[in-house]
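In what follows, a single structure is set out as structure tokens and then discussed.
The values are calculated or read from the model by the stated rules, or taken from the named source; none is laboratory data. Because the structure is a prediction, the values reported are computed rather than measured. Every residue, glycine among them, receives a Cβ derived from its backbone with ideal geometry; neighbour counts consider all protein chains shown.
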Amino acid sequence: MKRWVFLFFSCAALFGAQMISDETAILATRLSGTSPGCYQNTGTDYGCLSMSATEFNALYVIHFWAGAVCALCTGFLTARYGVWVMSLATGGSLLVGMIFFTLGPYCETTEAAFALMMVGKLIYGCGYWGNIVVSQQAKSHWFFGKELAVSFALYTNSIRVSAIVTYASVGTIVQTVGLQHTMWIVFIVALTGPLGAVIAGWIYREHAESSMEASVYRESLVYAKGLDFSVAKRLNRYFWTLGLYLFLFYGAIIMVLADFPKFLAEARGETEAVAGLITGIVVDVGILSPLLGIITDLYGAGEKSSCS
């Protein structure tokens, strides 16, 4: 039972953290000052910025670059210092990054706002991707041989649920209350990110050893002590092929999610609410991912048993 409580708070952490990433795309026209609601276009939102397309794209992708480095390091640090310590570190990074990012529009100039928001997104990215690695590593041991695929599917599905909620609501909210207030609303909801990360880490620290199978727990400790970067040399071509596939697949999806709301608003004249809803269709189908996890656990396990 404890492992499912851990999974719940891990999903809550990912749900909240993902909202900060998704809101950036929906608020593109406010950040660039092209929305009809901005003061630059005789609107009433004086919190709008004037970012260029290059600045906006950099702001959107910076946390992915941070994650590319931080995720690798987090795996080794988690193995060395444990889930609890790294949960505190990633949760703290999430919180600090979210604060900096949300305070950005209060700067006097767009240049200052861009710099502060970039720093915030960089720190946020370290916490976001770092916490994903921590959670995945914990689940791979705690759910080993027990609904592992379902646990991964539910965890991944929290991203989809967060995206659905964000894309369906933020566009409408910003049209009503403006950029700055919208970002604070998202910040309050996104607090489930750092809070969930810390609570999940505490649950693992308190209950993993007593509820996990002894052999699996001992193996995780031995693995942690003996881990070094040479493990990368032992990964076969199937792993690297899968990694390349995921890189190309998610690269295409991320580009669509980043620029499509802005395209719909500027080129097609859609409102921010409609642009968010249309873009959200891309992630709506991902809500079915737990079904694939159940099928994998049922038929994958059966196939393995028959082969043995």
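Annotations for the structure displayed:
This table checks each residue for (1) among the acidic types (Asp, Glu); (2) surrounded by 24 or more Cβ atoms within 10 Å (Cβ to Cβ); (3) under 16 Å from LEU179 (Cβ atoms).
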residue: VAL5; (1), (2), (3): no, no, no
residue: PHE8; (1), (2), (3): no, no, no
residue: GLY16; (1), (2), (3): no, yes, no
residue: LEU31; (1), (2), (3): no, yes, yes
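- Residues satisfying the stated conditions in the range 82-95, i.e. buried (at least 17 other Cβ atoms within 10 Å of the Cβ) and of a type in the set (Val, Ile, Thr): VAL83, THR90
Here's the yes/no breakdown for (1) touching a strand residue (DSSP E or B) at 6+ places or on another chain (Cβ under 6 Å); (2) part of a loop (DSSP other than H, G, I, E, B); (3) not aliphatic (A, V, I, L, M):
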| residue | (1), (2), (3) |
| --- | --- |
| VAL5 | no, no, no |
| PHE9 | no, no, yes |
| ALA12 | no, no, no |
| GLY16 | no, no, yes |
| ILE20 | no, no, no |
| GLU23 | no, no, yes |
| THR29 | no, no, yes |
| GLN40 | no, no, yes |
| MET51 | no, yes, no |
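- Test: ALA115 is over 15 Å from the mean Cα position of the chain (by Cα), small (Gly, Ala, Ser) and modelled with pLDDT under 95: no
- Among the criteria (1) assigned to a helix (DSSP H, G or I); (2) hydroxyl-bearing (Ser, Thr, Tyr); (3) surrounded by 21 or more Cβ atoms within 10 Å (Cβ to Cβ), the one SER35 does not fulfil is (1).
- Which listed residue, of ALA89, ALA138, is over 15 Å from PRO194 (Cβ atoms), hydrophobic (A, V, I, L, M, F, W, C) and in a helix (DSSP H, G or I): ALA138
- Matching residues, the range 148-180, being within 21 Å of the chain's Cα centre (by Cα) and aliphatic (A, V, I, L, M): LEU148, ALA149, VAL150, ALA153, LEU154, ILE159, VAL161, ALA163, ILE164, VAL165, ALA168, VAL170
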